[in-house]
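Single-structure report; data block below.
The values are calculated or read from the model by the stated rules, or taken from the named source; none is laboratory data. Model, not experiment: these values are computed from the prediction. FYI the Cβ positions are ideal-geometry reconstructions off the backbone, even for glycines, and counts take in every protein chain you see. Ligands, DNA and RNA are stripped out before the accessible areas are found, and what is left, the full protein with its side chains, is counted by its heavy atoms. Shrake-Rupley method; radii C 1.70, N 1.55, O 1.52, S 1.80 Å.
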Amino acid sequence: MHSLHLLPALSLAIALTVVGGAGLPLANAKPTSTTPVKFHPLTPVPIQNVTINDAFWSPKRTVWQAKTINDTFDKFEGSGAFENFDRVAAKQTGGHKGDPWWDGLVYETITGAADFLAAHPNSELQKRLEGYVARITAAAAADPDGYVNTGATLNHIGVRWSNPPTPGDDHNDNFPHTIYNAGCLVEAGIHLYRATGQTQLLQVGTRLANYMCGIMGPAPKQNIIPGHAIPEQAFVNLYRLYHEQPALKARVGVPVDENAYLKLAEFWIENRGHTEGRKGEGAYNQDDKPVFEQAAMEGHAVRAGLLASGIATAASVNQRPEYLATGARWWQNMVDGKMYITGGLGAIPSMEGFGADYELPNEGYAETCAAVAGGFFSQNMNLATGDAKYVDILERELYNGALSGVSLSGDRYFYTNYLRSGPNHRRWSWLPEAGTPCCPPMFLKLQGGLPGYIYATDAAGVYVNLYVGSKARIAIGKSQLELGQTTNYPWDGRVKMMVTPQTPSRFTLHLRIPGWVNGASVELNGKPIKSLVIANNYAQLERTWKKGDTVTLHLPMPVERVKADPRVAADVGRVALMRGPIVYCLEGTDNGGPINSLLLPSDAAIQAEHRSDLLGGVTVLKGTAQRLSIHDAEVKALPTQFTAIPFYANSNREPTDMEVWVADDKTQVVPMTLAREATASASHCFGNDTVAALNDGVSPAKSDDETISRMTWWDHRGTQEWGQLTFKGARRLSGTDVYWWDERRVGRQCRVPQSWKLQYLDGDQWKDVTNASGYGTQMDTFNHVSFDTVNTTALRVVVQLQPEWSGGILEWRVNQ
């Protein structure tokens, strides 16, 4: 059975409307002016107090702690990132390895590793971290102010801190990441202290924070803001640490002024848009106007998400309504108009950022780091408001948008998480494929913190935010409680909770009712609760609890067909599949051919089936679709079985195509043709392009159509090249059509060829076709060639590129 959901914004189920459904109200009703967001701060149960024993998460966390952490550290070591600290400590100059923000990535990896260490102590990992801390400490000790930014120091930048550069200079300027690096250092020191009790790195971070507080802030101090957000949240959390543990000040070994850290974080937030005496970076860095006047999420997706997370964190501390209102406004815009169904954020590759509302191409950027930032933002909004709707998005990132960023093996990664991709979209191991290896550290931070997201408290109750097999030790006022969960979530919606207070205690147990659920029910000690009290999207169970009490939550998980808001042009005539919190995709590997040739009828029955032998154990969706094909100019529809897998598991097998949004309207199907049945290859293909574009069936709008995939011979110039279609068996062919890639109008390096010809394979020899009607090189159209019929297993386009120019093909058709 399945039901239909409509998404009133883009591709995301945060605002699902159930058609023909009844039951509990969805947890994500859009706030209006009559429902202002309110403060209701929650306190997360610390990582050390939660033990995860979960069929879904435990195996993955074992891989990440044993392999991903070490893989990331190993690759930073091999790339010279730690050597930079050694050179600074030795007061050497020059020779900086990697990008200037690598210091921050090292610190972020330490943060993630520390959280894993807090949950699962490991002497080898702790020893490794202690070694890195010693090297970082030595670098900081080489400067009288405790300043450590290896890129700025080794490369003689001459300026320790700077305002954001002018737009477009980001990747050529060390400055945007100096404050970012410092914020990551402070964050790492906090997390390592909380995990181990060691203060060495915390001392380094606090000393650097003191130096920054002395020179940055309102006049007469310098008007300097981060060029990349993260320090805002780090400095608020530094304030929190010392405010909550005043005795720590005497142990850390440097002066501590926690109020100064909070004030500097607030200055960084509030001084966006105030560019007196500094360069502004506009909307790209959320710096075009004051933050509290910014109506929506804009600019670079990671920076915006991390700034928003800092705003939400600060709101919990300073209780200022303008902070909370801004966080709520940005969050609603993010989920209503700028988020993919997977939780992906940032659609525009050129700026790694947001486009207009509802501008969500399925080949959009969706950087792993942005999904992580969206998860942090949502969690911090939940902690500020006590509203479960924010956890819906944290959950979406944990199970979909961020989880897809690391392979099942734990050592291959995605920077971008497309919702439609071809065989060329493959996970990378490290540089140079990665461009910058920022995503593994951010992934480790999000997933390392998982135990701390599951439970929270306020003065009168316990909040269960995530359904994960676990046990927690929780303090409620003067009472002590053990709360346990057993579940097969996300594959099954039954969650059993064991409530074990030391003594009978009265408090409220709050159970999150996810926004994707209809018809949730609860049993208390085996008896159904007939009338659930729902507030802030939590079911509230208030009573005097005693040892042996059990609560069983039932969350129905039918297969859901999800429709996007019609303003999302890319998804008109398409449907996505969800079950519980899991977003699904289809891969060619399971489906016998290209996904875009499939039609999923609206009445197709879809069943869930658990496969313990597939992709580490997943529940797949199976049903009957139709594969459309063109034969003798007639479109035919043949029934075909399809299998959908969880989106997070895509690209873990052989190269193939993948799609989340599948056509349920014939006009959106790209039928199979003779050319599409062939295997494409080429003499050379640029790494960012794909030979699959030769015969993917997608018709271009023009010769410089950048909205579709292409095959180019870049950066070969003036050479002879070829593209080839190899058929499954002998085919009788008499014509072909070629659509050339040419980018002269945008001033780039590809042109139609100087000349070309067709060859066919005769036995083991390539031969020219005979009586060709003419080899055209016109732009913005298919160039048709007819020739004497040949019987062959392969056809080639052989081109002579123009001198000094490269070239390519957008689409190639063949005719019988």
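Cα atoms only, the stretch 727-816: Rg and Dmax in Å?
Rg and Dmax of the stretch 727-816, Cα atoms, are 13.8, 43 Å.
Let me spell out the model: positive unit charges on the Cβ of Lys and Arg, negative unit charges on the Cβ of Asp and Glu, origin at the Cα centre of the chain. What dipole size does that give, in debye rounded to 20?
Dipole magnitude for the chain comes out near 2100 debye.
Below 8 Å between Cα atoms, with a sequence gap of 6+, how large is the relative contact order for the stretch 614-726 in percent?
Reported relative contact order: 22 percent.
For the stretch 656-719, I need the span (max minus min coordinate) of the C-alpha atoms along each principal axis, in Å, sorted largest to smallest.
Sorted largest first, the three principal extents are 44, 24, 21 Å.
Based on the Cβ-Cβ distance from Ala569 to Ala250, what FRET efficiency comes out when R0 is 56 Å, to the nearest 0.05?
0.40
For Asp762, enumerate residues with amide H under 5 Å from its amide H, sequence gap 5+ or separate chain, H modeled in the peptide plane.
For Asp762, the qualifying residues are Lys767.
Check the straight Cα-Cα distances from Lys622 and name the lysines below 21 Å, setting aside those fewer than 8 residues away within the same chain.
Filter leaves Lys563, Lys666.
Enumerate the whole-percent occupancy of each 5 Å bin, from 0 to the last occupied one, for all C-alpha pair distances of the stretch 494-605.
Over the stretch 494-605, the share of Cα pairs per 5 Å bin runs 2, 9, 15, 16, 13, 9, 9, 8, 7, 6, 4, 1, 0 percent.
Tell me, what does the Kirkwood hydrodynamic radius of the stretch 530-688 come to in angstroms if you use every pair of distinct C-alpha atoms?
So the Kirkwood estimate lands at 18.6 Å.
For all pairs of alpha-carbon atoms in the stretch 198-329, what percent lies in each bin of width 10 Å, listed from the first bin to the last filled one?
For the stretch 198-329, the pair-distance distribution reads 13, 43, 32, 11, 1.
Accessible area per residue for the chain in Å², computed with a 1.4 Å probe and the full protein assembly in place, what is it?
Accessible surface, normalised per residue, equals 36 Å².
Nearest 20 debye, what's the magnitude of the dipole of the stretch 416-526 about its Cα centre given +1 on Lys and Arg Cβ and -1 on Asp and Glu Cβ?
Result for the stretch 416-526 is approximately 100 debye, rounded to the nearest 20.
Which residue, chosen from Val814, Tyr390, Gly151, occupies the Cα position most advanced towards the positive end of the dipole of the chain, where the dipole is computed from +1 (Lys, Arg) and -1 (Asp, Glu) charges on Cβ about the Cα centre?
Tyr390
Which ³J(HN,Hα) values, rounded to whole Hz and listed in residue order, are derived for the stretch 303-319 from phi using the Karplus coefficients 6.51, -1.76 and 1.60 in 6.51 cos²θ - 1.76 cosθ + 1.60 with θ = phi - 60°, glycine and proline given as x?
Calculated HN-Hα couplings, in order: 4, 5, x, 6, 5, 4, 5, x, 4, 5, 5, 5, 4, 4, 8, 8, 6 Hz.
How large, in Å, is the stretch 312-368 by the Kirkwood hydrodynamic radius built from its alpha-carbon pairs?
Result for the stretch 312-368, one decimal place: 12.3 Å.
Using only Cα atoms and rounding to the nearest 10 degrees, what angle (0 to 90) does helix 123-141 make with the longest principal axis of the chain?
Once rounded, one gets 80 degrees.
With +1 on the Cβ of every Lys and Arg and -1 on the Cβ of every Asp and Glu, and nothing else charged, how large is the dipole of the stretch 562-710 about its Cα centre, in debye rounded to the nearest 20?
Roughly 280 debye for the stretch 562-710.
Computing the accessible area with a 1.4 Å probe over protein heavy atoms, can you report the carbon and sulfur percentage for the chain?
Ligands and nucleic acids excluded, carbon and sulfur reach 50 percent.
Rg (Å, one decimal) plus Dmax (Å, integer) for the alpha carbons of the stretch 246-317?
Rg, Dmax (Cα atoms, Å): 15.0, 44.
For the stretch 421-545, build the charge dipole from Cβ charges (+1 Lys, Arg; -1 Asp, Glu) around the Cα centre, then report which of Val462, Leu444, Trp430 sits farthest towards its positive end.
It is Val462.
Assuming 1.306 mPa s and 10 °C, estimate D for the stretch 774-816 with Stokes-Einstein, Rh taken as the Kirkwood radius over Cα pairs, in µm²/s.
In µm²/s, the coefficient is 125.
Please enumerate, by chain and number, the lysines with C-alpha under 19 Å from the C-alpha of Lys289, excluding those fewer than 8 residues away in the same chain.
The reachable lysines, counting only those whose Cα sits under 19 Å from Lys289, are Lys279.
Determine the alpha carbon to alpha carbon distance for each of Lys38/Lys221; Lys496/Lys546; Lys75/Lys263 and list only those over 28 Å.
Lys38/Lys221; Lys75/Lys263
In terms of Cα to Cα distance under 16 Å, which aspartates and glutamates are near enough to Lys478, apart from those fewer than 8 places away along the same chain?
Asp458
Ratio of the stretch 392-449's C-alpha Rg to 2.2 N^0.38 Å, to two decimals?
It is 1.12.
What fraction of the Cα pairs in the stretch 468-559, stated in percent, has a spacing above 22 angstrom?
Here the long-distance tail beyond 22 Å is 26 percent of all Cα pairs in the stretch 468-559.
Got the relative contact order for the stretch 381-538 handy, in percent, Cα pairs under 8 Å and 6 or more residues apart?
Contact order relative to length: 19 percent.
Could you work out how far the C-alpha centroid of the stretch 456-523 sits from that of the stretch 631-663, in angstrom?
Using only Cα atoms to place each centre, the spacing works out to 39 Å.
For the stretch 570-579, take each phi angle, set θ = phi - 60°, evaluate the Karplus expression 6.51 cos²θ - 1.76 cosθ + 1.60, and give the result in whole Hz per residue in order, putting x for glycine and proline.
5, 10, 5, x, 10, 9, 10, 10, 9, 8
For the stretch 462-468, what does the Karplus curve 6.51 cos²θ - 1.76 cosθ + 1.60, with θ = phi - 60°, yield as ³J(HN,Hα) per residue in whole Hz, taken in order and with x for Gly and Pro?
Values, residue by residue: 10, 10, 9, 8, 10, 9, 9 Hz.
Go ahead and estimate [θ] at 222 nm for the chain from helices alone: -39,500 (n - 2.57) per DSSP H run with n ≥ 4, summed, over the residue count, rounded to 500.
Taking each H run of at least 4 residues, the total per residue is -8000 deg cm²/dmol.
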